[in-house]
Every structure is written in C-alpha cells, then in structure tokens.
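Structure record follows, encoded as structure tokens.
Any read-out appearing in this document is the output of simple, stated calculations on the displayed coordinates, not a laboratory observation. Bear in mind the structure is a predicted one, so any value in this text is a computation, not a measurement. Here Cβ is always computed from backbone atoms with ideal geometry, including for glycine, and neighbour counts include all displayed protein chains.
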C-alpha cells in the first residue's frame, strides 16, 4: 500500500484492513488486538454497524457463516422461521458476500482476507435498500488490504503510516483528545496525539509551553526549536527520558526522545508525534508518518 | 462453529437514547453570584446550605458561608451559553460549529463539563416530559 494523503475523518485503517466510512459514522467501541477484535460505529441518530475480524486458516464457507449469524439473530424474534430455513440467498458486493432478508432486520456481510488469513465481518442493525446502496456498498468497495511495509493507522481522525514492525499497544479516545501508542518490540516507542479546541488549550500562548506540558515530568528537554511542519506552525523538542520505577529510576539508562507538535489552523487541531528509543538516529521522519504534511 | 455461535448470539449494542438527552435543558443556578476580580475567566460564589441544626452556630464554628468556583476555557464558554432555553443539543451544535468538532466529540465534552458544573451546584438539568 502506498501512502497517500487524504482527509482522516471517515477513515478506518487498522491491523490488516482499511475502509472509507460514511461521513457521519464515528467509532464508539474498539479493540487493539491483531488476531481478533471489533469496532462499533454510531451516527448521531443510532448504532450503525459492527466490524469484527477473526482468524480463519483457510477460506471459510462465508454464506454458511453469515446465514448462521442471521439465524442466531432471528431465533430471538421468530424461532419457528429460524428453525425452518436452511439457507438464504446471498449477494456479492465488491469483495463482500452479503445476506439480508427483511427491511429493518439485521444485515450480515463477510469477506476473507487471503493475505492475513482473516475473516472480516460487518453486521448492520437494520437493512434497507437505501442504506445498502448509499452507505454499505461504497463501504464494501472501499475495503483494502493493509499489509505493506508501511501500514496505515487511521482512527478517530488520526491518519498515519508506520513501518510494519510497529504494533498498536494502546488507544485512548477521549473527546477531542485522542492518543495512539505503538511499539516496535525493540524498545522503540511512538505516540500519535490529536487534540481539538486549540483555542482553549493554547489560550493565546505560543506552542512550546503547551508542547512541554504534554511531555510530562519524566523528561529532560535538551533542545526546543520552533519548527514548521509542512505549512503549519510547529515545535520540535529533543529530550532525554529516564525510567520511572524502582532501580530503573535511580540507575536506568537515559533514553533519547523526540517530539514534534504542530497546529493545523484550518482543521483547528493540534497533532503530535512523540518517539523514544535507545538511539536518536532510529527516529522516523514526521513527513513519512503523516504524508498529509507534504501536501 | 462453536466460536461462531457464541459471537453471533451476543446482542448488538443498543442505540444511545440521544433524542431524550439532547432535549434536556441545562439551567444556570440563579443564586450563583459573579465576583469581579479583574482576571480572565469568571469567579462564581455559591451559598453553602448547612443542616438546620448547625446553621445558628456556623459562624461560631468558623464554617464558610459560601464556596467559590473559577470558570475558564470551555467550562466558561458553555456556562455563558446557558439561558434556560437552549437544550443540550443546541450546546453540542454550537461546539461543533465553533471548534469544528464531530458530533460525538462535542457531545462527550458537553456532558463532561455539564456534569462538573452540576456537581458544583452551578447548573441543573431539566428533562422535558
């Protein structure tokens, strides 16, 4: 997958898949595990759908799986019909197989990801022809594999690209304050941060004091410069970091850190990329992680 | 298929009852007094309400008669917008427009800040029948 800049809202890219979501959908539930997990999406009006993924060593019988899911749901409202039917007609939309029956009943869709041996499933709470045509069909067609040397991570308005060795370790989606934490398994750690309402966060101050406050007390800043990121005003801080627990706090090695923060005045958001590791030369370029800065 | 069955039989999440929540009207405490202090922001004082048996001796015990709260930033912005007519949905719309927030972001912030203001006795929320 080649990194390409585009607006982040309405985009979901996670471990091994990516989707363009309908504009008014927002994630309200998430999972960070690679092998299995799910996302929930709501719009302003209602619950819109659940995306889940799970391992499947070989191509599964997707129509059968979707039918069983439909039957399990139907058992609650009409056990007799659930017992009587043995299959349902399926529809193919893009890479997805889709099963539905009546209007306002749940609709199920599934696709097998050969590259990662994963079954990706959508469940929508209420089927209608309009929703299928306007929301779900473009969603199915937007499905893309996310398994290149650089993997896209897009959620809650953040859109970033990281080398494949980085794994997500934590996600903290507070309102207008989202943080994603990653590690490469070799002591390099990286955080992506996105804040809203910069007018109140900055309160007329320049970026560096706010930037310093985001780094916490454990760091010793060794260099702070104003550093524009693309066309946005920005701040770069290089710092040293020591352990915070037990003997590590007393005798631990001082690690290197670098943090870049910028203010997207059009979008009215603050973004930060903070990296720590044993060697400063290993840090990623901000423009590679956020290709939108190059545009 | 056992894992499939257990997954499929889990109920889907229920929808938030957005409509009822958005129609609720937050009202500022009329007894809160603004105290001018020349600083940016707003300081509000609220009279403390002690149990009847202790009221005659509150001064003797050195208990405070009022409590002060300082509002700044988003809390102040929301507080100034309360006129007893605008409902939570209006507050959310205002935040979305003024700060380019998504609906759920703005909703989260409004609920969070109104909760804090309610806890301090500065705001009450009325739910229409």
Here the whole-number average of other chain Cβ atoms within 10 Å per Cβ of A:41-50 is 4
The rounded separation in angstrom of the Cα centers of region B:87-129 and region A:205-219 is 28 Å
Dividing the helical contributions, -39500 (n - 2.57) per DSSP H run of n ≥ 4, by the residues of chain A yields a 222 nm value, nearest 500 deg cm²/dmol, of -4500 deg cm²/dmol
Here the relative contact order (percent) of chain A, from C-alpha pairs under 8 Å and at least 6 apart, is 15 percent
re chain B: pairs of Cα atoms spaced beyond 25 Å account for a percent value of 44 percent
A student applying the Cα gyration tensor rule (rounded when a/c is under 1.5; otherwise prolate if a/b is larger than b/c, oblate if not) would label region A:146-197 oblate
Looks like region A:140-294, by Cα gyration tensor root eigenvalues a ≥ b ≥ c and the a/c under 1.5 rounded cutoff (else prolate when a/b is bigger than b/c, oblate otherwise), is oblate
In degrees rounded to 10, the 0-90 angle between helix B:88-99 Cα long axis and the longest Cα principal axis of chain B is 90 degrees
Per-residue average of other protein chain Cβ atoms inside 10 Å, peptide A:221-227 -> 0
Longest principal axis of chain B (C-alpha) makes with the long axis of helix B:103-119 (C-alpha) an angle, in degrees to the nearest 10, of 30 degrees
Computed over chain A: longest principal axis from alpha-carbon atoms vs helix A:62-77 long axis, angle to nearest 10 degrees, is 80 degrees
Averaged over residues of B:103-114, the number of beta carbons from other chains lying within 10 Å of each residue's Cβ is 4
The computed P(r) of chain A puts the percent of Cα pairs beyond 35 Å at 29 percent
For chain B the mean separation of alpha carbon contacts under 8 Å (6+ apart) over residue count, i.e. relative contact order in percent, is 35 percent
In a Gaussian network model of chain A with springs linking alpha carbons closer than 10 Å, the residue among A:93, A:197, A:158 that fluctuates most is A:197
